[in-house]
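Everything on this sheet refers to the single structure shown next.
Values in this text are rule-based calculations from the coordinates and carry no lab data. From a predicted model like this one, the values you see are computed outputs, not experimental measurements. As a convention, Cβ positions derive from the backbone with ideal geometry for all residues, glycine included, and neighbour counts pool all protein chains shown.
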Amino acid sequence: MPSEALTDIGNDAAAHTAASIRNYVRSNMSALRDAELRDDDNIFEKGFVTSIFAMQMLDFIESTFGVEVPDDRITLQNFSSVDSMTRMVGELKHAADR
C-alpha cells in the first residue's frame, strides 16, 4: 500500500480499511472470484465495475467508514483501486478530525 494512504490514517487503520474494501469488492464482483486483484489494480480498466456497482461501492464506503464523500471526490481516480479508495477514506477521516 502506498505510504500516502498510511500517513493519513495510520498503519493499522489503513490496513483494516484496505482489507474491508478489498473484501467488499471481491465478494460483490463475481468476475473477481477467480481473478487476482492487487490493491493497485485499476478495477475500471480490468472491466470489473458497472455503474450500479460504483454506486454500491460509494454507499459501502460512506456507511462502513462513517465518512461522507463530497460530490467533487466522486471520480474514477478516487474509486479506481483499493489503494485509491483507502487513501480517499484516510483523507476524509483526517479532514473530519480537524
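Structure data summary
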| quantity | calculated |
| --- | --- |
| Charged-residue dipole, Cβ positions (Lys, Arg, Asp, Glu), the range 3-97 about Cα centre, Debye nearest 20 | 320 |
| Alpha carbon convex hull of the range 3-97, projected area averaged over orientations, nm² | 5.7 |
